[in-house]
Every structure is written in C-alpha cells, then in structure tokens.
Amino acid sequence: MRSLIAEDYVTPEGEFVINMGPQHPSTHGVLHLKLWLNGETVNKVEPHLGYIHRSIEKMSENLSYRNFIFATSRMDYLAAHINNEACALTVEKGLGIEAPPRAKYVRTIISELTRLSSHQLWWGCTGLDLGAVTPFFYAFREREAIMEIMEETCGARLTQNYMVPGGLMVDIHPNFQKRVKEVLTLIKKNFNEYDEILTGNVIFENRTKEVGYLSKEDAISYGVTGPTARASGVSCDIRKWFPYSAYDQVQFNEILDTGGDCYARYMVRMHEMRESVSIIEQLIDNIPEGDYQTKTKAVLKLPKGEFYQRVETPRGELGVYIVSDGAASPYRIKYRSPGFSNLSALPVMAKGGKIGDLVAIMATIDLVIPDIDR
Amino acid sequence: MNIPLLYSLSGLARTIHIWLAGLISNEMLLLTTEMVIMGISLIAFLVLLCFFLGYMERRVAAFMEIRLGPNRVGPKGTLQIVADTVKLLLKEGLTPDLSDKFLFNLAPLIVVITSMLVIAPIAFAKDFQLWDINIGVLYVSSVSSIAVIGILMAGWASNNKYSLLGAMRSGAQIVSYELSVGLSLISIVILSGSLSLSDIVYSQSNGWWIFKGHIPIIISFVIFVVASTAEINRAPFDMAEADQELTGGFNTEYAGMKFAMFLLSEYINLFVVSAIAATIFLGGWMPFHIGGWESFNHIMDYIPSFFWFMGKTFFIIFIIMWFRWTFPRLRVDQLLSLEWKYLLPISMVNTILITVMAIMGWHF
Amino acid sequence: MTHEELKNTLTAILPSSSFDETGEFLTVIVPSEDLLPFMTELRSNTGLDFDYLFCLTCIDWKDHLMMVYHLMSKTHKHALVIKAKLTNREDPQIETVCHIWRTAEFHEREVFDLFGVKFINHPDLRRIFLDDDWDGFPLRKDYVDENMIEI
Amino acid sequence: MFLKEYFGTIYKSVKSLLTGMKVTGYYFTHQKEILTEEYPDNRSTLKMFDRFRGEVIMPHNADNEHRCTGCQACEIACPNGTIKIITKQELMPDGKKKKRIDAFIYHLELCTMCNLCIVACPSDAIVMGQTFEHSVYDKKTLRKVLNKPGSKIMEGVE
C-alpha cells in the first residue's frame, strides 16, 4: 500500500492543489475549477470547461431557420425565452422584416418576466451558496408564480420556444394580463422580505463586501457584461444602448454601481428586479391589438451576408452572429454567450480571496454552465 | 435551602438498586451490572433522542421554509428518520483507498463516545444524575474538547483534500470558541460558588440565574449559546462541513454507518450544549417560580422536574435550529475574528463585572 | 465616428486594408500578417479607442478560414468588424490579441479548439471544450466523425 | 470613539440578525403559508394548463377517424427527427390511388416539446396532449404509433 506522501497534496512551491468540481455543490452544474491554495487563500484559479458542451453551433448549421431556435432554449436555460428572442430577431434582421407591435410588446413583457424569474433563482442560490438555505424557498415561491404564467401562455415552464421568426408562435392566453398583474403584486409585497432576510444581514454583508473586486478596466477588457459589469461601473445595458423589441417605448434606468465587489453585484441585481417590475407595469396595460405574427414564407432563406444581433439576458450580452450563404440553413452561427466572457474574469476576481469568497464570487457572477459551454 | 417538593425519578432509580441488591450479593458485580444497565439505557435514550431531534430539525426547517417536511413514513412522518437509519445501515461503508484505515474507522467512534461522555454529570431530573462529580463544569468543558481530535483524525485519515481543509478549520474553530464557552461557564461558577452541576442547580432554587444575575448573565448566556453553536459545528458556524465550499468537509468520505455516527454525535452535542445551558442558566430541572405568587408556584411544582429540564433544553435547541435555518455561513477568518474581537473581550469584561457583582452581593 | 470617418482613419493606419459596407457594421479586411500592429493601433489610438472586443470567431469558407473580430468603443460608441483571411488550412496561424483584450484569451482557445487556428504567443493555448486527445476540429466544414449519425 | 463604533457595530449586527429571525419565525408560526403540493395525492384535482405541452397526440373522433393526410410537414419541421411517417397507396372507390398514412411513428424519447410540428401541420391533425407522467422502465415503449389501428382519414380533409 502506498502511504500518504506530501507530494500528493502540495506543489513544489508549497501550494495545495484541489479540484473544485465538476461535481461540487456550488459550481451550479458541471464547472470544474482547479485551485492553487495557500492554506485557505486562493492563489490561482483555472476554469476547465466543456463538461456539458453539446455543440449547438454545429447542430444549427444543419437546421432550418425556423428550427434552430429551439436548441437555444438549452443554452441559458434560466433565460430560454431571451435566447429564443435573440435568434428570432437575428433572422428577422436578415429577412428585413419586423414583428408586429403586439408581438414586440409581448416579447418585452415575457423577457422581463424571464429576467425576474432568473434573478429570483439567482437570489435564492446566492443565499444557498453562502449557507443560508431558507431564502431559496422564498425565491421559488415567486418564481413559481411566474413559471405558471409561462406555462399558461407559452406551454412550457423553462424551455418555452415561444418565438418564431416574425412574431409569436401563438397569441397570448386570455388570462395573461390578469395573471401578470397578480404576480407583480405578489413580488412587490415580498421584496421587503428579501431585504430583511439576506440584504441587511450582517453575516451576508461581511461575506460579500470587499470580496471579489473587479475594476472597470478589467471588466471591459475581459468582455464582462450584464449586472456583473454594471456593478463595476461599466455602462453596458443593451436594452439602453441598442433597444430592441419594445424597450424604446418604456422608461427605465440602467442600474450602475461603482463598488465592483460581490455586494455591488448583488445590489445591482436586486435593483434590476425592481426595474423589471416597473417595465412590465408600463407595458402590461398597453399591449396593442392586432396580429401577433408577420406572415413569412414557408421556407425561410436569409440573403447572403452576415447578421449580428445582441440582446440583454439576465447574465449579460448575448450576441447571435449568423453567416448566411443564401441557403435554407445558417452557414455558420456563433453565440457570444455572456457567461463565457464573465467566467474568464473569475481568476482575476478570485485571486487572493478565501475559498468561501470564491463561492460568493461564483454566486454573484451568476454562472449558468450550459450557457458557457453551449 | 427551601427545596420544592417535586416528582422525581430518583425513587425509580432507588427501587431498581434495591431490587438488584437483593439478587446480587457481590458488591463489585452489583456495581458492574448497574453500570451496564445505565450504559445501555443511556445509549438507547440518546438514540431515541437523536431520532426525535432529527425529526424536529426537519420539521422546523420545513416550516421556516414554507414547506411541509417529512409526512409520508409513519404518522405525520415521524418514522422518516427510522427509514433513513435503515438506509444508512444498509449502505456500504466505504473506506477510501490510500486512507489511514485504522484512524479512519476510529474517528467516528471517538467523536460519538466523547459526545456521550459529556452527558454523565447532567441532572435530568431532581436527584437523577449519572455521576454527581464535584467538578462537573470542568469535566464538561474538558471532555467536550476531545471531540476535535476525532474530527481532525477523520479529516486527515480520509486522504481527501477537502476533508483535510475541513478538519483544519474545525481545529482552529473549536480551540478558539472553547475560551468563550469556558468564560461563560465560569461566570456562573463565580456566582454559585461551586463547580458541581447539581449544586449549581440547587443554587437556583430561589430563581434562575438568568433572572437573578441581571444583564451580565444575560450577556454571558447569549455568548454561551453562540459560542457553543460554533463549538458543535452547526450552521452558521459549520465551517468544518461547509457543504457549498468543502462538499461536506471532514465527513466527505464517510458513508453508511460511519456517517451515521457523525450525525448521531452532532445531535447528541446539540442536546448536550442545550442541556448545559439549561442547567446553568435556566435552572435545570427547577420549576419556574415567581416570588409572592404562592398558588402559581404550587401549580408549577406539580409539573415533573424531568419535563422542566427537557422543556428548557428543547427551547434552546429550537433557538439553535432557528439560527441554522436563517443565517448564511460565516467565512473562516470572520469566524475567528468574531471570537477574538467580539466574544472573547466581551466575556472577559463580563466575567470581571460578575465577579464584582458576586463579591458585593448585588445579585438576588 | 461615422463610417466615412472611420474608413479614412483606418486607411491612413493600414493602406493595404479593404472595406466592406454591406453589413450592419463597417468591415475591414486586413492581411493576417498585419493584424497585430493594426489591432494595437485600434486599441491605443485615442480617436478610435476600441476597448471592447465583444465577439471573436472564425468562419470556415471551405478553401480558407476567416477570423472575425467584433470591436466596439465604449467611449465613442462606434463598432467595427475586422476580418483576417487565413489561406493555409493545414496549419493556420495568426498573432494573438489576448494581451490587448483579455477576453480574447478564452475566445481564442475556443477557436483553436473548434477550428484549429494556432495563435502565436497565446499564453495558454489548449483545447477548452473538448478533450485534449480529440481528433480534428469539429466546426470545420470537412470534419467527419464516425460517431455522427444521420436522422 | 472606538468604543462607540465597536458597540454600534454590535448593535447593528444583532439587530440585522434578529430581523432575519423575525422573517423565519413568522413563517414558522404561520403554517397556512405553506405552499407544498402533495403531488401523487392531488392527482385527481391536478389540472394542467390547456396549452401545456406534454406529448404529441393525434385526436380521433368517434368513428375512429383522424385528420392526418400524411403530408410530412411535421416530419420536416421537427428538428430532432422525432416523427416518422410511413405512407401507403390506397385504392379509392373511383379507381384512383391516393396517399394515406400507414403509421405515424412518434419517438417521445427524442421529443423536446418545441411545438414546431403542431404549428407546421396544415390540417390540425396533431395536437399537444397534457400528460406529463412519461416515466417508463423500458425506453422502447416511448416509441409510439399515433394513428389507432384501423383508423381512417376524416371525410373532407385534404
């Protein structure tokens, strides 16, 4: 029998090497991080990806422009609708058509509902990662109500696939407006609870303040987007910069924070939830009557060229880059997923922190592994 | 001292002793037999208690998390924990390759045995105590610190880096929180003038220390509850396990019955610290009396002392569970700074205050 | 900057570049050997200040590979697409840009993994998604896998 | 000054912790807020939303007739190859031969419930069913033939 020897545990430099994941409770799936530790302090982090790589880009090269959208629900599965919308918008850009106003409004409302539900799940998981189990269940109470709206209108809870190039797949359900208003009331009532149980808690503040600092320059250089970048003071909200769907019709603020630490990222998302509620409130009573879908040809063919569309998912900027050679399926399709770039900044944020900090950082970047691996 | 008349279990104990003495004439043999009986009944009691605590924890957690909790196995889910035990018994007890097999198997035993040993000087009811040792407080605080050896052993022997980290954390944690626990215990020793737990209980016959000792005792009670939560490795101080960071810490590699041992010791520890807190701060088995209300006090006396003791203990257990299901976990350095920067200085000043109070006779 | 102004500035920097204005963004096609100095200039020139590389990918046009860089300036709010043609399909090589934009490190590893483009001076050029012993580069059009099934 | 800050920190910390405990304590004492659905027990009252996408089904009327013409639009629309339609030539009473479906094979194990086949169907022959309890012991049983044995196409559907 081989006995325990020091070399199994430490590098010649005296660093303790451990593999966090791919099966680890706080890596949110199958992320694998290799850590070089000095005691509890993290000296170096190296992400290893690909455990859930399904090659959606290659698959889409063989699917028609109507069909490839469904697969994107499986990328960022917490914001499936927004992924679908991004693809539909890109194809519409290529075809030179626009969705009717009704479809645009409904798309925006459902996008914001998706953002709310995604942020709620993130809130619960952040609590869970930091050791507080109970917030997770409170978050799921509201999320469940949103999921029911999705189920009633789109037909599925998570992988909606409600978008088609040119509009919506079917019209909204007659109960849609009533239910959305009910959910908004519920959510607004329970925001206080979120603050009481987690935001103000001294342990939570200590765990997140001045932890995982990301400077503005690093955020831009690493291509970090979404709430993670906005917490570092980078203005990058695609909804403001390049409005799509009905975002040019509504008043909302881009939430910016200059803290750059986990607490700032947390607060940005908490405020974003309130902004989402206000966006939905502005739109829900004004959904225009009319068609929900623009008539398109049976077989869609994009003209030769390149089309790029970006949307703001709960995690950041999702870019869909379609290269068409004029055939009925994309010649090359590239998803610029927000999680992939956000993850690349993890080593900078985690350096010098403790293992517990690494968990807090991963929670506040809001990683979704299938979104990173695609 | 005016000792209230209470229902007591001591009569039962005496009856058994007399009956056994009639059967066995050899004194040595009699003592051994009685010890074996005591041991078995204690273990049986503790296992049943752990079943109940496990069920209670699940239900408390579930209600706080707006869900139902176990309600399938047995009436209201009470047999769920039995089902879990059966599952753990049937599981294969894995021993990882390249681990130190002797220490790996020894560690759960050490952890469980030490936590059971601490039970000895606790008075469950009036005059009902396994061992009325005259240095009870000292015994409790010294024996309970042996458990850290078991945890370090488990972490090191597992040949797992997560386990090792967890064990190291646990070592630092228990060693430092021992100080605050000790100081809080000492504050009562100063007031009651005795190290024996039964004497401490009797010293509260005219009022519990938490009421008699003004604010300093309330502070030391709070510090005791917080520090002992840390000492028994429960959330929010469960650094040694830390699911989300260390995937289970020192017990990552344990499965089946060996894991169940750790679970058992966790619940016994929970019971023990709550029982000690109840004994020294809340009057142990002493009923609740209000000066002047004679008829009220008389009614209180009719409640058996065992229930008083258990009621107080479970009150503290509930509070510790409440902590666990509300708070996030501290980080390892914050855990130590909480102890060294806040709890320890406060308890030191507090001890001085209490000493002055005891000398001047300012307490009731 | 408008497309015209950008064009004038860029022609001054690199006369050998050619332009394509059919798409949404202004596209510059540069020779692959001139890429690094050109990119460095784009980042450091205060009038251009392209500080945000939001997409980096590659396209397999069967006879050649085409590197595509999507750049944006956070200060001036203009965007630009840079393309570099790699004619050698057997051993495509190009200078890395990951010391200019750190995000390129992961994206270039992805391109290396799926297209086999070698980035010179990349600090850590390994496969990112696939196993280290994977054969071939799956996003190339001529990639064949014996495990692929037709449905 | 230092002491003031020190005790201020303690006061704020304890207060924030008690606020948190208040929330959990509220739910502990208000058990009517419990949301748990006891799933297998409430099966009889459980109603899925009418748009819920559980599986593809082919409705048949009382005379065992369906609306599928075998045009294969759904087969083309499906991104996963979930649907396979086997057709046959049937002799009509007027002597002409017409294409009819022999078997409409549906692989539930491949289906992602994306609804594209339903949208593509020109004659509304298939719809989404509300069943969601699909677990089986043998994967082969998920391969289903949707047209019932001996079924015919409805009159007037082309």
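We did not get these values from a lab; they are worked out from the coordinates using the rules stated. Everything numeric here is computed off the predicted structure, so don't read it as measured data. Cβ placement follows ideal geometry from the backbone for every residue including glycine, while neighbour counts extend to all protein chains displayed.
Within the stretch B:100-360, how many Lys pairs sit with Cα atoms under 23 Å apart, leaving out pairs fewer than 8 places apart on the same chain?
Close lysine pairs under the 23 Å cut-off: 6.
What FRET efficiency do you get for residue B:23 and residue B:67 if R0 is 41 Å and r is their Cβ-Cβ distance, rounded to the nearest 0.05?
Result of the calculation: an efficiency of 0.20.
Please give the FRET efficiency for residue D:98 paired with residue A:304, using the beta carbon to beta carbon distance and R0 = 35 Å, rounded to the nearest 0.05.
That pair, residue D:98 with residue A:304, gives E of 0.30.
Please give the peptides B:15-26, D:141-152 ranked by average Cβ packing (other Cβ atoms within 10 Å per residue), highest first, as a rough proxy for protection.
D:141-152, B:15-26
For a footprinting-style exposure proxy, rank C:65, B:138 by other Cβ within 10 Å, fewest first.
Fewest-to-most Cβ neighbours within 10 Å comes out as B:138, C:65.
Roughly how far apart, in whole Å, are the Cα centres of the stretch B:16-51 and the stretch C:3-77?
Comparing the Cα centres of the stretch B:16-51 and the stretch C:3-77, I get a distance of 88 Å.
What is the average number of partner chain Cβ atoms found within 10 Å of a Cβ in B:241-250?
Taking the mean over all residues of the peptide, I get 6.
Can you count the Lys pairs in the stretch C:28-120 whose Cα atoms are under 24 Å apart, with each pair 8 or more apart or on different chains?
Eligible lysine pairs with Cα atoms under 24 Å apart amount to 6.
Taking the beta-carbon count within 10 Å as an exposure proxy, list A:301, A:104 from fewest neighbours to most.
A:301, A:104
Using the Kirkwood radius over Cα pairs, work out the Stokes-Einstein diffusion coefficient for chain A at 4 °C and 1.567 mPa s, in µm²/s as a whole number. Let's see the in-between values first.
Working: Rh = 21.5 Å.
Result for D is 60 µm²/s.
For the stretch B:100-360, what does the equivalent ellipsoid look like in terms of its semi-axes, each the square root of 5 times an eigenvalue of the Cα gyration tensor, given largest first in whole Å?
Working from the Cα gyration tensor, I get semi-axes of 34, 20, 16 Å.
Would you mind getting me the FRET efficiency between residue A:253 and residue A:294? Use the beta-carbon distance for r and R0 = 30 Å, nearest 0.05.
0.40
In nm, to one decimal, how far is the residue D:5 label point from the residue B:301 one, both placed 7 Å along Cα→Cβ?
Label at residue D:5, label at residue B:301, 5.7 nm between them.
Below 8 Å, C-alpha to C-alpha, sequence gap of six or more: please give me the relative contact order for the stretch B:63-215 in percent.
Answer for the stretch B:63-215 is 21 percent.
Please work out the Cα center distance from the stretch B:277-302 to the stretch A:49-76, rounded to the nearest Å.
70 Å
If you add up the charges near residue D:82, with Lys and Arg at +1 and Asp and Glu at -1, over every other residue whose beta carbon is less than 12 angstrom from its beta carbon, what do you get?
Result for the local shell: 0.
Compute the distance in nm between two label points, each set 7 Å from the Cα along the Cα-to-Cβ direction, one at residue A:38 and one at residue B:34.
If labels sit at residue A:38 and residue B:34, their model points lie 6.1 nm apart.
Report, to the nearest 10°, how far helix D:2-29 tilts away from the longest principal axis of the Cα atoms in chain D, using its own Cα long axis and a range of 0 to 90°.
It is inclined by approximately 40 degrees.
Over 23 Å between Cα atoms, which of D:96/D:152; D:84/D:148; D:98/D:144; D:98/D:152; A:93/A:295; C:141/D:139 qualify? Please report the intermediate quantities before stating the final value.
Working: D:96/D:152 17 Å; D:84/D:148 15 Å; D:98/D:144 25 Å; D:98/D:152 13 Å; A:93/A:295 15 Å; C:141/D:139 34 Å.
Long pairs (Cα-Cα over 23 Å): D:98/D:144; C:141/D:139.
Write down the percent of antiparallel bridges among all DSSP beta bridges whose residues are both part of chain C, to the nearest 5.
70 percent
Using only alpha carbon pairs under 8 Å that are at least six residues apart, calculate the relative contact order of chain B and give it in whole percent.
This gives 23 percent for chain B.
If you count, for each residue, the other Cβ atoms within 10 Å and average over each peptide, how do A:132-140, A:205-213, D:55-63 line up from highest to lowest?
Descending packing order for the listed peptides: A:132-140, A:205-213, D:55-63.
Could you give the distance between the Cα centres of the stretch B:346-360 and the stretch A:126-190, to the whole Å?
Taking the Cα centre of the stretch A:126-190 as reference, the centre of the stretch B:346-360 is 57 Å away.
Return the distance in nm (one decimal) between the two label points of a simple spin-label model at residue C:131 and residue C:75, each offset 7 Å from Cα along Cα→Cβ.
Distance between label points: 4.9 nm.
Please give the helix C:35-44 orientation as an angle from the longest Cα principal axis of chain C, in degrees from 0 to 90, rounded to the nearest 10.
Tilt of helix C:35-44: around 50 degrees.
Work out, in µm²/s and without decimals, the Stokes-Einstein translational diffusion coefficient of the stretch A:313-365 at 20 °C, 1.002 mPa s, Rh from Kirkwood over C-alpha pairs.
160 µm²/s
By count of other Cβ within 10 Å, fewest leading, how are C:68, B:86 ordered?
Sorted ascending by nearby Cβ count, the order is B:86, C:68.
Please state the shape class of the stretch B:8-90: rounded when a/c is under 1.5, otherwise prolate if a/b exceeds b/c and oblate if not, all from the C-alpha gyration tensor.
prolate
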